[in-house]
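**Student:** My questions will all concern the structure given below.
The values are calculated or read from the model by the stated rules, or taken from the named source; none is laboratory data. As the structure is a computational prediction, the values presented were derived from the model and not from experiment. All Cβ positions, even for glycine, are placed from backbone atoms using ideal geometry, and neighbour counts span all protein chains on display.
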Amino acid sequence: MRDAPQAAEADGEALVAPPFEEGPPPGPPWDLALAEAPFAFLDLEMTGLDASAHHVCELAVRRVRGGVVERELVSLVRPASVVGSSQQIHGLDDAALAEAPTLASLGGELAEVLDGAVLVGHGLAADLAFLSAAAARGEVAAPPRFALDTLVLARRAIFNASYKLGALATALRLPPPAHRALADVITTMALFEHVQRLLRAPTPRALWQVRAGEERPSMRDDVRAALEGAVATTGHARLCYRVPHRQPFEDVLAIRRLEPAHVEGRLLRGGNVRRLRGDRILWAEVSERPAR
């Protein structure tokens, strides 16, 4: 297996990972099939980076189910502060925003678009911080506690020099973002579709369980179920695995030991025994026993 990435972990006792921390509530939308679940793709443009001092100046959110846009809210937003130097990023000036609605006046419609949907964004922490600050001021409802970040999903599924939205769009030939809310939502939608094909997750919850860059190993529920099925039947699983800073690879693993957050076995190519971290497995399925 000379051309395959070195996937072995350090020798020693198995690292037993605790269960996932408190996750999204059971039932819809998180446990629906991906084609049936509603997703709300969100992007905001802001007057600066500090959620306590700056404000939203543009908003776009698309509610999508099964590839069909069910509802959309796109609007400039009149901020409570001047645009300042952020104009160099998004191109919006104070004059363009002077007659725009306030975020508070859009709050009811925003809540309706988000209601019962899985929130999705790229680098979502900043957007959530601004929505939380606006909620604290009484302008909008508090944002959902749980959401999907395509930045995390891309870091797990794709090897790329940069995980900025524009860099990923260029590398994957997606619609380009433009530091405008709707354009960036469209790019995020295309990126989400791309990474979910690579990850083969059956539900939004399985995507929420995707981890990237964490020291503590873990394993998605659907990956574990596939590996347990392999152990109970053929003893072999076909899987896709990605070591950090490497392209993912596919191989068949003859399973020797399945642990809470690792699986150990012999890979078909090269015959090497590997102990694989569960969070680095993009997908897994039962495989027939290879012919000798």
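**Student:** Only one of (1) crowded, with 21+ Cβ neighbours inside 10 Å; (2) touching a Gly at 6+ places or on another chain (Cβ under 9 Å); (3) not assigned by TED's automatic domain parsing to the domain that holds VAL69 fails for ILE281. Which number is that?
**Tutor:** All conditions pass for ILE281, except number (2).
**Student:** Next question, about the same structure. With the condition kept exactly as written, say whether any residue in the range 221-238 is assigned to a loop (DSSP other than H, G, I, E, B), under 27 Å from GLY23 (Cα atoms) and in contact (Cβ under 8 Å) with a residue 60 or more places away in the chain.
**Tutor:** No, every residue in the range 221-238 fails to be assigned to a loop (DSSP other than H, G, I, E, B), under 27 Å from GLY23 (Cα atoms) and in contact (Cβ under 8 Å) with a residue 60 or more places away in the chain.
**Student:** So THR234 clears everything in (1) buried (at least 19 other Cβ atoms within 10 Å of the Cβ); (2) not assigned by TED's automatic domain parsing to the domain that holds VAL68 except one condition, right? Which one?
**Tutor:** Every listed condition holds for THR234 apart from (1).
**Student:** So for the range 157-164 (the condition being in the same structural domain as VAL69 (by TED's automatic domain parsing) and within 22 Å of VAL64 (Cα to Cα)), does at least one residue qualify? Walk me through it before giving the result.
**Tutor:** Initial filter on the range 157-164 (in the same structural domain as VAL69 (by TED's automatic domain parsing)): 157-164.
Subsequent filtering for residues that are within 22 Å of VAL64 (Cα to Cα) retains none.
Among the residues of the range 157-164, not one is in the same structural domain as VAL69 (by TED's automatic domain parsing) and within 22 Å of VAL64 (Cα to Cα), which makes the answer no.
**Student:** Among the candidates GLY235, GLY213, which residue alone is on the phi > 0 side of the Ramachandran plot and more than 19 Å from the chain's Cα centre (by Cα)?
**Tutor:** Of the residues listed, the single one that is on the phi > 0 side of the Ramachandran plot and more than 19 Å from the chain's Cα centre (by Cα) is GLY235.
**Student:** Is there a residue being surrounded by 15 or more Cβ atoms within 10 Å (Cβ to Cβ), of a type in the set (A, V, I, L, M, F, W, C), out of contact with any helix residue (DSSP H, G or I) (no Cβ under 9 Å at 6 or more places or on another chain) and more than 26 Å from LEU253 (Cα to Cα) anywhere in the range 169-181?
**Tutor:** Scanning the range 169-181 turns up at least one residue that is surrounded by 15 or more Cβ atoms within 10 Å (Cβ to Cβ), of a type in the set (A, V, I, L, M, F, W, C), out of contact with any helix residue (DSSP H, G or I) (no Cβ under 9 Å at 6 or more places or on another chain) and more than 26 Å from LEU253 (Cα to Cα).
**Student:** Mind listing whichever residues of the range 159-188 are assigned to a helix (DSSP H, G or I) and closer than 27 Å to ALA96 by Cα?
**Tutor:** Listed by number, the residues that qualify are LEU165, GLY166, ALA181, LEU182, ALA183, ASP184, VAL185, ILE186, THR187, THR188.
**Student:** Across the range 29-69, what is the number of residues that are surrounded by 14 or more Cβ atoms within 10 Å (Cβ to Cβ) and either closer than 28 Å to PRO217 by Cα or out of contact with any helix residue (DSSP H, G or I) (no Cβ under 9 Å at 6 or more places or on another chain) (or both)?
**Tutor:** The first filter runs over the range 29-69 and keeps only residues surrounded by 14 or more Cβ atoms within 10 Å (Cβ to Cβ), leaving 29-32, 34, 37-48, 51, 54-65.
Within this subset, residues satisfying the condition of being either closer than 28 Å to PRO217 by Cα or out of contact with any helix residue (DSSP H, G or I) (no Cβ under 9 Å at 6 or more places or on another chain) (or both) are 29-32, 34, 37-39, 65.
The total comes to 9.
**Student:** Among (1) without any contact (Cβ under 8 Å) to a residue 12 or more places away in the chain; (2) part of a loop (DSSP other than H, G, I, E, B); (3) aliphatic (A, V, I, L, M), which single condition is LEU49 missing?
**Tutor:** Unmet condition: (1).
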